[in-house]
């Protein structure tokens, strides 16, 4: 008799982001989320198709080495290969977290290029909520509310796609005896993301216990609307977008009835057609919209 797989594994498998048909590189920090993701990925795709990538930034002296040793031990338990990259922060690196993120993803891209693997990040639904609230406070415009995509090119976020929370990754690791490491920067209130997690999220929950679910639902709806808008814009511009003329854009601005969705996307393309979006709001434009804006201004 076959033992049914754990419910969390089934949810991640159902996303289709891990299927075993393509190699997978899991970015492994040693924290509970990435430990959970690696364990689940091996259960779905098999140890031969999965490998882990750990970046030792050397930022916390002995603790950084202990994080690495923990990752080595986990990968030995799971029978997967571990790739470790060592780096040190240059004096002119600027924002610490941004630098670490850039280094991490650059290492992931290099590793995946070796065999066309997918790169898996261990972001959860909890991270999505914190990301949206942080961006809402710091970045005006639509992009702030779209959060992180479940997949983008070769980058996949299986736990996020499956709606897995940080509480669930903690429970998974405890249930299956997987040790993890806690990064003390995750509780350092000097970092804005920590203040969002420790102060802002609880404040939202105090207003309504459904706050987290409502935020996630809103992100999903806005992403659907953004995809529909981008598709309409792409269709109206046609395959030769580099030769689009002012006349066609002007027709779109008037709300041409040729489009089945003429009622909803009318206002934003009209503003783009004028070619004067405020500098502080250009970040929320989609790639297609930025292309439109650049062509008109040129």
Could you go through the range 37-52 and let me know if any residue there is assigned by TED's automatic domain parsing to the domain that holds residue 160, out of contact with any strand residue (DSSP E or B) (no Cβ under 9 Å at 6 or more places or on another chain), part of a loop (DSSP other than H, G, I, E, B) and within 28 Å of residue 184 (Cα to Cα). no
Conditions (1) under 27 Å from residue 177 (Cα atoms); (2) touching a helix residue (DSSP H, G or I) at 6+ places or on another chain (Cβ under 9 Å); (3) not in a loop (DSSP other than H, G, I, E, B) -> residue 60 fails only (3)
Test each condition in (1) surrounded by fewer than 17 Cβ atoms within 10 Å (Cβ to Cβ); (2) at pLDDT 95 or above for residue 136 and report the one that comes out false. (2)
Looking at the range 18-32, is at least one residue surrounded by 15 or more Cβ atoms within 10 Å (Cβ to Cβ), touching a helix residue (DSSP H, G or I) at 6+ places or on another chain (Cβ under 7 Å) and assigned to a helix (DSSP H, G or I)? yes
For residue 186, work out the one condition from (1) over 25 Å from residue 74 (Cα atoms); (2) modelled with pLDDT under 85 it doesn't fulfil. (1)
May I ask you to say which residue of 89, 110, 101 is touching a residue at least 12 places away in the same chain (Cβ under 8 Å), at negative phi and surrounded by fewer than 19 Cβ atoms within 10 Å (Cβ to Cβ)? 89
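The values are calculated or read from the model by the stated rules, or taken from the named source; none is laboratory data. Treat the numbers as computed from the prediction; the structure is a model and nothing was measured. Counting neighbours? That spans all protein chains shown, and the Cβs are built from the backbone with ideal geometry, glycine included.
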